[in-house]
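Peer 1: One structure is given below, represented as structure tokens, and several questions about it will come after.
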Amino acid sequence: MSPRVILTHGGWGLAAIAAFFVGSMRSEKNEGHSDASRDMLAVGSSPNRGIDPDSIELRKLRAGQSRQFGDRSELSKLFGIINIGDHDTLAEQAFKHPNPITRRLAFSKLLESMTAENALELRDKLVGMKVGGSEWRDFHYSWGAIAGQAAFDHAANSEEQDLAATMSGWAAANPSEAVAMLDNLPESMAGQRMELAESVVAGLADHDLSMATDLAVRLAAEGKGNGDRMIRAVADEALRSGSPAEAASWAEALGNGPLKAAAMDRVAGAYVRNNPEKAASWIGRYAGEEFAGRAVARVGEEWGEREPEKALGWLESLPDGRGQADGFSSVLGDWEDTNPVAASEYLARMAPSAQRDAAVAGFARGYAWQDPQAAVAWAQDISDPALRQQSLTQAGQAYYRRDPESARAWLQSSGLPAEARQQVLNPQRRRR
């Protein structure tokens, strides 16, 4: 089998939405609709016709439907599946109907009708209709959950990109079988082990957060998966299913090391967007630890985009460390966009230190695209030789793009070594 790029696990938001609508339909006592019901649904789902929700005609139809549909939601009454019939009809409505709600309802019904016996037939319909994206992933996640080994065997030999979603669904429904398959992959699939490990961990996180965490830790220790990617998938589920504070407690419980660093970084990014003060208080307790460096910088960066002075005040209160320095660099690198005068005044007040060097480097890096000469002057003020050269080179590249002749003249007295001068004269594409 030729190597294939395996899709990484994505969110299963459509399945959640579909489940909501399917649940709203379960009280329906029969699958048929009256002619009046079909007429109302057809009108409601037409993309070109409006409908007065208070019209006498619609109220009469609703009154009649309340007996037929029971407790179905208003949306289901307006946009529900029209003429529920065979799989061909459902597939047409799921992927061809003009109304998005009808499409989702029909797709949820199509998934609900899936069995281990008819799954391949349904898949053929999806292939014939060139279905992709989230519907394709949701279908194979569901097939993996229902059929396990049989779905995996088909996906392992198919031409389409469906193995990752199938593996995640299998892990969510039957963790022991999916993990056993991962531990005993055929030799022909050895090159896919890393990607499949991520899929299993992601699916397992949909089933049991603790089991997914333990598996990610084990696989990373055995070198059978990308530790950062696996633990981030678990962190995403911890954030989805609980509060940021609960996810933070989960991350804290991990053993010190790279996985904890990745988990804290992921949680910190979500936490600071939700409540910057609480996120800062949480990660600040670990600011002196190496594993918290990335998370400290993340909180500083995200908070600094909205309230730079508060973020800087928090960073100043932390013990010296890589995370603190990176935080200073990020905040000043963004503040120069909104208020370069205030940012410059803040830098001028800072005492010489590694933190100031990082802050000046961040400012110069960002400001170089607004005023390269000023950025060069700031970069010259960095104490650390290596960081000064790096910052001067970056500012010089922006200078050369803006004014090549003046930049060449500056280079002669810049003090940069020959290699750095060549980098200035051959700038890479701008990255911000």
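The values are calculated or read from the model by the stated rules, or taken from the named source; none is laboratory data. Quantities reported herein were computed from a predicted structural model and do not represent experimental measurements. All Cβ positions, glycine included, derive from the backbone under ideal geometry; neighbour counts span all protein chains shown.
Peer 1: Pull up the range 167-225, narrow it to residues that are over 25 Å from the mean Cα position of the chain (by Cα) and among the charged types (D, E, K, R), then point me to the one that is farthest from Leu254 (Cα to Cα).
Peer 2: Glu187
Peer 1: Inside the range 109-159, can you point out the residues that are among the aliphatic types (A, V, I, L, M) and under 21 Å from Gly203 (Cα atoms)?
Peer 2: From the range 109-159, those among the aliphatic types (A, V, I, L, M) are 110-111, 114, 116, 119-120, 122, 126-127, 129, 131, 145-147, 150-151, 155-156; that's our starting set.
Those that are among the aliphatic types (A, V, I, L, M) and under 21 Å from Gly203 (Cα atoms): Leu111, Met114, Ala116, Ala119, Ala145, Ile146, Ala147, Ala150, Ala151, Ala155, Ala156.
Peer 1: Identify, by number, the condition in (1) closer than 27 Å to Asp162 by Cβ; (2) modelled with pLDDT under 95 that Met211 doesn't meet.
Peer 2: (2)
Peer 1: Does the range 230-245 contain at least one residue that is more than 30 Å from Ser113 (Cα to Cα), assigned to a helix (DSSP H, G or I) and without any contact (Cβ under 8 Å) to a residue 12 or more places away in the chain?
Peer 2: No.
Peer 1: Return the residues of the range 237-250 that are surrounded by fewer than 19 Cβ atoms within 10 Å (Cβ to Cβ) and of a type outside the set (S, T, N, Q); say none if nothing qualifies. Quick ask: steps written out before the conclusion?
Peer 2: Looking only at the range 237-250, we keep the residues that are surrounded by fewer than 19 Cβ atoms within 10 Å (Cβ to Cβ), and these are 240-243, 245-246, 249.
Once the filter is applied, which keeps residues that are surrounded by fewer than 19 Cβ atoms within 10 Å (Cβ to Cβ) and of a type outside the set (S, T, N, Q), the range 237-250 yields Arg240, Gly242, Ala245, Glu246.
Peer 1: Could you check, for the range 353-371, whether at least one of its residues is surrounded by fewer than 15 Cβ atoms within 10 Å (Cβ to Cβ) and either hydrophobic (A, V, I, L, M, F, W, C) or part of a helix (DSSP H, G or I) (or both)?
Peer 2: Start the filter on the range 353-371 by keeping residues that are surrounded by fewer than 15 Cβ atoms within 10 Å (Cβ to Cβ), which leaves 353, 370.
Narrowing the set further to residues that are either hydrophobic (A, V, I, L, M, F, W, C) or part of a helix (DSSP H, G or I) (or both) leaves none.
Scanning the range 353-371 turns up no residue that is surrounded by fewer than 15 Cβ atoms within 10 Å (Cβ to Cβ) and either hydrophobic (A, V, I, L, M, F, W, C) or part of a helix (DSSP H, G or I) (or both).
Peer 1: Is at least one residue of the range 329-348 under 33 Å from the mean Cα position of the chain (by Cα) and within 21 Å of Lys278 (Cα to Cα)?
Peer 2: At the first step, the residues of the range 329-348 found to be under 33 Å from the mean Cα position of the chain (by Cα) are 329-340, 343.
Retained after the next criterion (residues that are within 21 Å of Lys278 (Cα to Cα)): 330-331.
Among the residues of the range 329-348, at least one is under 33 Å from the mean Cα position of the chain (by Cα) and within 21 Å of Lys278 (Cα to Cα), which makes the answer yes.
Peer 1: Being in a helix (DSSP H, G or I) and within 16 Å of Thr213 (Cα to Cα) is the requirement here; does Ala262 meet it? Steps first, answer last, please.
Peer 2: Working: in a helix (DSSP H, G or I): yes; within 16 Å of Thr213 (Cα to Cα): yes.
Criteria met by Ala262.
Peer 1: Hey, another quick one. Out of curiosity, is Arg306 exposed (fewer than 15 other Cβ atoms within 10 Å of the Cβ), under 26 Å from the mean Cα position of the chain (by Cα) and either at positive phi or not aromatic (Phe, Trp, Tyr) (or both)?
Peer 2: Details: exposed (fewer than 15 other Cβ atoms within 10 Å of the Cβ): yes; under 26 Å from the mean Cα position of the chain (by Cα): yes; either at positive phi or not aromatic (Phe, Trp, Tyr) (or both): yes.
Here the answer is yes, as Arg306 does meet what is asked.
Peer 1: Name the residue that is surrounded by the fewest Cβ atoms within 10 Å (Cβ to Cβ), counting only residues in the range 282-292 that are closer than 14 Å to Glu252 by Cα and not acidic (Asp, Glu). Quick ask: steps written out before the conclusion?
Peer 2: Filtering the range 282-292 for residues closer than 14 Å to Glu252 by Cα gives 282-287, 289-292.
Next, only the ones that are not acidic (Asp, Glu) stay: 282-287, 291-292.
Working: Trp282: 24, Ile283: 30, Gly284: 18, Arg285: 10, Tyr286: 19, Ala287: 22, Phe291: 21, Ala292: 27.
The residue in question is Arg285.
Peer 1: A further question follows. I want to confirm something. Restricting to the range 342-380 and keeping residues that are more than 20 Å from Asp326 (Cβ to Cβ) and either of a type in the set (S, T, N, Q) or in contact with a Cys (Cβ under 9 Å, 6 or more places away or on another chain) (or both), which single residue is modelled with the lowest pLDDT? So that I can check it myself, show each step before the final result.
Peer 2: Within the range 342-380, the subset more than 20 Å from Asp326 (Cβ to Cβ) is 342, 344-345, 348-349, 369-374, 376-377, 380.
So of that shortlist, the ones also either of a type in the set (S, T, N, Q) or in contact with a Cys (Cβ under 9 Å, 6 or more places away or on another chain) (or both) come out as 344, 370, 373, 380.
Numbers: Ser344: 95, Gln370: 89, Gln373: 92, Gln380: 94.
That would be Gln370.
Peer 1: Here is a check on your reading of the model: is Leu392 aliphatic (A, V, I, L, M), outside any loop (DSSP other than H, G, I, E, B), in contact with a Phe, Trp or Tyr (Cβ under 9 Å, 6 or more places away or on another chain) and in contact (Cβ under 8 Å) with a residue 12 or more places away in the chain?
Peer 2: The answer is no for Leu392.
Peer 1: Examine the range 405-414 for a residue that is at pLDDT below 95 and within 21 Å of Gln324 (Cβ to Cβ), and state whether such a residue exists.
Peer 2: Of the residues in the range 405-414, the ones at pLDDT below 95 are 405-414.
Then keep just the ones that are within 21 Å of Gln324 (Cβ to Cβ); that gives none.
Within the range 405-414 (the criterion being at pLDDT below 95 and within 21 Å of Gln324 (Cβ to Cβ)), the answer is no, since none of the residues qualifies.
Peer 1: Looking at Glu290, Glu301, Glu305 in this structure, which one is in contact (Cβ under 8 Å) with a residue 24 or more places away in the chain and in contact with a Ser or Thr (Cβ under 8 Å, 6 or more places away or on another chain)?
Peer 2: On the way: Glu290 fails: in contact with a Ser or Thr (Cβ under 8 Å, 6 or more places away or on another chain); Glu305 fails: in contact with a Ser or Thr (Cβ under 8 Å, 6 or more places away or on another chain).
Just one listed residue meets the conditions, Glu301.
Peer 1: Scan the range 153-185 for residues that are among the aliphatic types (A, V, I, L, M), more than 10 Å from His140 (Cβ to Cβ) and touching a residue at least 60 places away in the same chain (Cβ under 8 Å) and jot them down. So that I can check it myself, show each step before the final result.
Peer 2: Residues of the range 153-185 that are among the aliphatic types (A, V, I, L, M), as a first pass: 155-156, 163-165, 167, 171-173, 178-182, 185.
Keeping just the survivors that are more than 10 Å from His140 (Cβ to Cβ) gives 156, 171-173, 178-182, 185.
If the condition is that a residue be among the aliphatic types (A, V, I, L, M), more than 10 Å from His140 (Cβ to Cβ) and touching a residue at least 60 places away in the same chain (Cβ under 8 Å), then Ala156 is the only one that fits.
Peer 1: Please go through the range 416-431 and pick out each residue that is surrounded by fewer than 13 Cβ atoms within 10 Å (Cβ to Cβ) and either assigned to a helix (DSSP H, G or I) or modelled with pLDDT of 90 or more (or both). First the steps, then the outcome.
Peer 2: If we filter the range 416-431 for residues that are surrounded by fewer than 13 Cβ atoms within 10 Å (Cβ to Cβ), which is where we start, we get 417-419, 422, 426, 428-431.
Listed by number, the residues that qualify are Pro417, Ala418, Glu419, Gln422.
Peer 1: OK, next. So, in the range 270-291, of the ones that are aliphatic (A, V, I, L, M) and modelled with pLDDT of 95 or more, which residue ends up farthest from Ala238 (Cα to Cα)?
Peer 2: Start the filter on the range 270-291 by keeping residues that are aliphatic (A, V, I, L, M), which leaves 270, 272, 279-280, 283, 287.
Of the ones still in play, those that are also modelled with pLDDT of 95 or more are 270, 272, 279-280, 283.
Working: Ala270: 11, Val272: 15, Ala279: 16, Ala280: 19, Ile283: 17 Å.
Residue satisfying both the conditions and the ranking: Ala280.
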